[in-house]
Amino acid sequence: MSEVNLLTFGEPLVMFASQDLNLSLTDSTHFRKLLAGAELNVAIAAKRLGIGTEYVTSVGNDLLGIYIKKSISELEIGTHYCYTDETHQSGFYFKQRVSQGDPSVYYYRNNTAAANFSQNFLEDINFTGVKALHVTGIFAATSSNNFKVIQKLLSLAKAKNIISFFDPNIRLPLWDSKELMVESLNSLAQQAEIVLPGISEGKLLTGLKKPSEIADFYLKYSNRTRLVVIKLGSKGAYFKNINGNQGYISGFQPPRVVDTVGAGDGFAAGLISGIIENLSIEQSVARACAIGALAVSSASDNGGYPTRFELERFMEKVNEN
């Protein structure tokens, strides 16, 4: 196994993306099969930057599961911990194609293989050389079992001195109630070193409005959290760490806007890569913003993520202007 710097856990999904512009999913008849899933998007974006990455999950022993594992392997992302579940199916969803705004999506992910990820699998994982762990609220929301898996992972990261990143990535339909979601996601955030909500997520989870107030909420009520980075969409991002260092990083103008899905995951990968490489917070957040801008230029959830060369060229060109 090649050196692994990043571990990310999640539910991979097969996306059937409509090719019929501005038609409803009901009326669409032409679809393209693609790989999707928030945490997998992060793995793809990180790998394109040259970060050794292992993706941990369970898939069904079905056509979609075989496609998922084959596609991940072709992307040169580690599949050593991509387990096959003989009794549960793989998840998938349909995605509308629109000329503007957010597309409609429809999920089939109830009681999937990933939702039944065995906690016993954690004993198989070799954490040697791993520098970062990335988890989200999506995987935690798929089942009570997976919520415990995330708790255990964050505990392991602390014990093994691995930097833990937590993205709330709110998917309200996956939770039994808004109250349970808020309580659960905030409890997981308190166990992570680096928390990166979107501004709307931060407002919903804390009841606060200003980025500085949201950051203080997570920094003050956790003995573990040392950095909060709040995504502000096209405006960039705000960060604050445990030492009081804070600031705004301006967003980058994307080449074009095709689809905003996956931008936050690209942002996460950029931040993770910068932290792993010991860049300053400002440099890491700027890299995150740049990848987020490039991500929206593709109709695929993860097709717009740049290579390192493409990223550096994009950032240099913006700085020149």
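Odds and ends about this structure:
- Residue in the stretch 177-194 that is within 22 Å of Phe121 (Cβ to Cβ) and either surrounded by fewer than 16 Cβ atoms within 10 Å (Cβ to Cβ) or among the aliphatic types (A, V, I, L, M) (or both) present: yes
- Considering the stretch 82-95, and only residues there that are hydroxyl-bearing (Ser, Thr, Tyr) and in contact (Cβ under 8 Å) with a residue 60 or more places away in the chain, the residue that is surrounded by the fewest Cβ atoms within 10 Å (Cβ to Cβ) turns out to be Tyr93.
- Residues of the stretch 118-142 satisfying the condition of being at pLDDT 95 or above and among the polar types (S, T, N, Q): Thr136
- Scanning the stretch 9-61 for residues that are among the hydroxyl-bearing types (Ser, Thr, Tyr) and touching a helix residue (DSSP H, G or I) at 6+ places or on another chain (Cβ under 8 Å) yields Thr53, Tyr55, Thr57, Ser58.
- The residues of the stretch 253-286 that are modelled with pLDDT under 95 and more than 19 Å from Ala46 (Cβ to Cβ), listed by number, are Gln253, Pro254, Pro255, Arg256, Val257, Val258, Asp259, Thr260.
- Taking every residue in the stretch 133-157 that is in contact (Cβ under 8 Å) with a residue 60 or more places away in the chain and under 13 Å from Met181 (Cβ atoms) and pairing it with any residue that is β-branched (Val, Ile, Thr) and part of a loop (DSSP other than H, G, I, E, B), at least 6 positions away or on another chain, the pairs with Cβ-Cβ distances below 8 Å are Thr142/Thr112.
- Breaking point among (1) aliphatic (A, V, I, L, M); (2) at pLDDT 75 or above; (3) touching a Pro at 6+ places or on another chain (Cβ under 8 Å), for Val296: (2)
- Of the residues screened, Asn110 is not one that is modelled with pLDDT of 95 or more, surrounded by fewer than 18 Cβ atoms within 10 Å (Cβ to Cβ) and part of a loop (DSSP other than H, G, I, E, B).
The values are calculated or read from the model by the stated rules, or taken from the named source; none is laboratory data. Source: prediction; values computed, not measured. Backbone-built Cβ (ideal geometry, glycine too); neighbour counts: all protein chains shown.
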